[in-house]
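Encoded as structure tokens, the structure appears first; notes follow it.
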Amino acid sequence: MAAAEKFFYATGRRKTSSARVYLKPGKGNVSINGKTSDAYLTRMQSRMVIMQPIELLNQAGKFDLTVMVAGGGESGQAGAIRHGVTRALIAFNPEFKGELKKAGFVTRDPRMVERKKYGIRGARRRGQYSKR
């Protein structure tokens, strides 16, 4: 039996999406929830977003990604995967952190949907104001 494969794990989050990313040296295969990235992500922009950290470091085709992602929509999931890939790359080689941080991939995007408040129609929408 072969020795256990060395992999690097990280969690990425954006909006309500959470992605568990397993990065290991390989040929550049990307698997998201058991499907290929092309089959899982319908928009080209989303496929581009998840590969940004790897392409920034000129490491394309050197890593295999296995991703489990849940929650949110396609855009939020793509952002969560990008955040997870960035963290996994830093776990693989801490010297990558400076370049990734400069590109803005290390920081978690804190923007979330604002909650609805009682007494008004939505998060901020109120009834029409009348002086009398």
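The values are calculated or read from the model by the stated rules, or taken from the named source; none is laboratory data. Computed from a predicted structure; not experimentally measured. When we count neighbours, we look across all protein chains shown, and the Cβ atoms used for this are built from the backbone with ideal geometry, even at glycine.
For the stretch 37-68, the candidate set comprises residues that are loosely packed, with under 15 Cβ neighbours inside 10 Å and more than 16 Å from the chain's Cα centre (by Cα); within that set, the residue that is nearest to Leu100 (Cα to Cα) is Asn58. A single member of Ala78, Ala88 is buried (at least 17 other Cβ atoms within 10 Å of the Cβ) and more than 23 Å from Glu5 (Cβ to Cβ), and it is Ala78.
When every residue of the stretch 58-68 is checked against the conditions, at least one turns out to be within 12 Å of Ser17 (Cα to Cα) and at pLDDT 95 or above.
The residue that is farthest from the chain's Cα centre (by Cα), counting only those in the stretch 16-36 that are of a type in the set (Val, Ile, Thr) and loosely packed, with under 15 Cβ neighbours inside 10 Å, is Thr36. Looking only at residues in the stretch 112-124 that are surrounded by fewer than 10 Cβ atoms within 10 Å (Cβ to Cβ) and not hydrophobic (A, V, I, L, M, F, W, C), which one is modelled with the lowest pLDDT? Ranking the qualifying residues of the stretch 112-124, first place goes to Gly119.
Show me the helices (runs of 4 or more DSSP H) found entirely inside the stretch 23-132 where at least 1 residues are out of contact with any helix residue (DSSP H, G or I) (no Cβ under 9 Å at 6 or more places or on another chain) and of a type in the set (A, V, I, L, M).
By residue number, 37-40, 44-56, 74-92.
Taking Ala88 as the residue in question, decide whether it is more than 14 Å from Leu23 (Cβ to Cβ) and either aliphatic (A, V, I, L, M) or modelled with pLDDT under 95 (or both). In short, no.
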